[in-house]
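Report on the structure given below.
The values are calculated or read from the model by the stated rules, or taken from the named source; none is laboratory data. These numbers come from a predicted model, not from an experiment. Neighbour counts are summed over all protein chains in view; Cβ atoms, including those assigned to glycine, are modelled from backbone coordinates with ideal geometry. Accessible surface areas use protein heavy atoms only, side chains included; no ligands, DNA or RNA. Shrake-Rupley method; radii C 1.70, N 1.55, O 1.52, S 1.80 Å.
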Amino acid sequence: MLFRSQKCANNIIYFAENYLHIVNLDEGKQKIKLHRYQKKALNKMVDNRFSVLLFARQSGKSTLSTILCLWQALFNENQSILVVANKEGTAKQIFKRIRMAYEALPNWLKSPVNAYGKESLELENGSQIEIGRAHV
């Protein structure tokens with residue numbers, strides 16, 4: 001198990017495709033199968049602190065955000081991740097997906113939780129994910 005968790009820590013694509021699930025309307029719960037452009041985008045975001053991505057509608061941006069936020073929090077200590085969106089409801093929806101993805105992970109892969117709220121998650125490794133309030 002240590003080998004697999006180390007492989008997840010070193011490879012976000014391996015982590016996503018082996019341990020994260022989506023709910024398909026036709027087939028139910030299934031492992032995520034990323035498209036080539038999604039893999040490329042995830043690797044770019046991991047390798048570069050700042051990234052600008054141009055995506056069409058319905059291209060999996062929320063899924064990529066979910067994967068990146070959860071991976072970053074699990075495998076890097078003391079990360080402060082703020083989920084923001086154009087609408088507060090959208091940010092809440094993305095955070096809900098992150099929480100559901102965390103809950104569906106195998107126990108040996110999860111970092112213990114210090115605080116678990118409706119709009120925030122704090123892990124024992126010092127990383128935290130929370131919803132930001134946009135003031136427009």
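How many residues does the stretch 51-97 contain that are modelled with pLDDT of 90 or more, of a type in the set (A, V, I, L, M, F, W, C) and surrounded by fewer than 18 Cβ atoms within 10 Å (Cβ to Cβ)?
Count: 2.
Do any strands (runs of 3 or more DSSP E) lying entirely in the stretch 64-127 carry at least 1 residues that are within 20 Å of residue 43 (Cα to Cα), and which ones are they?
Correct list: 80-83.
Please determine, by comparing only the residues of the stretch 1-33 that are closer than 13 Å to residue 68 by Cα and assigned to a loop (DSSP other than H, G, I, E, B), which one is least open to solvent (accessible area, probe 1.4 Å).
20
Within the stretch 110-135, count every residue that is free of Cβ contacts under 8 Å to residues at least 40 places away in the same chain, more than 16 Å from residue 5 (Cα to Cα) and not aromatic (Phe, Trp, Tyr).
Here the count works out to 10.
Filter the stretch 98-109 down to the residues that are exposed (fewer than 14 other Cβ atoms within 10 Å of the Cβ) and touching a residue at least 24 places away in the same chain (Cβ under 8 Å) and list them by number.
104, 106, 108 - these are the residues of the stretch 98-109 that are exposed (fewer than 14 other Cβ atoms within 10 Å of the Cβ) and touching a residue at least 24 places away in the same chain (Cβ under 8 Å).
Each row is one residue, and each column tells you yes or no for (1) without any contact (Cβ under 8 Å) to a residue 12 or more places away in the chain; (2) of a type in the set (A, V, I, L, M, F, W, C); (3) out of contact with any helix residue (DSSP H, G or I) (no Cβ under 9 Å at 6 or more places or on another chain).
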{"position": "14", "(1), (2), (3)": "yes, no, no"}
{"position": "19", "(1), (2), (3)": "no, no, no"}
{"position": "25", "(1), (2), (3)": "yes, yes, yes"}
{"position": "30", "(1), (2), (3)": "yes, no, yes"}
{"position": "36", "(1), (2), (3)": "yes, no, yes"}
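So, in the stretch 39-50, how many residues would count as being open to solvent by 50 Å² or more (accessible area, probe 1.4 Å) and either touching a residue at least 24 places away in the same chain (Cβ under 8 Å) or acidic (Asp, Glu) (or both)?
So the answer is 4.
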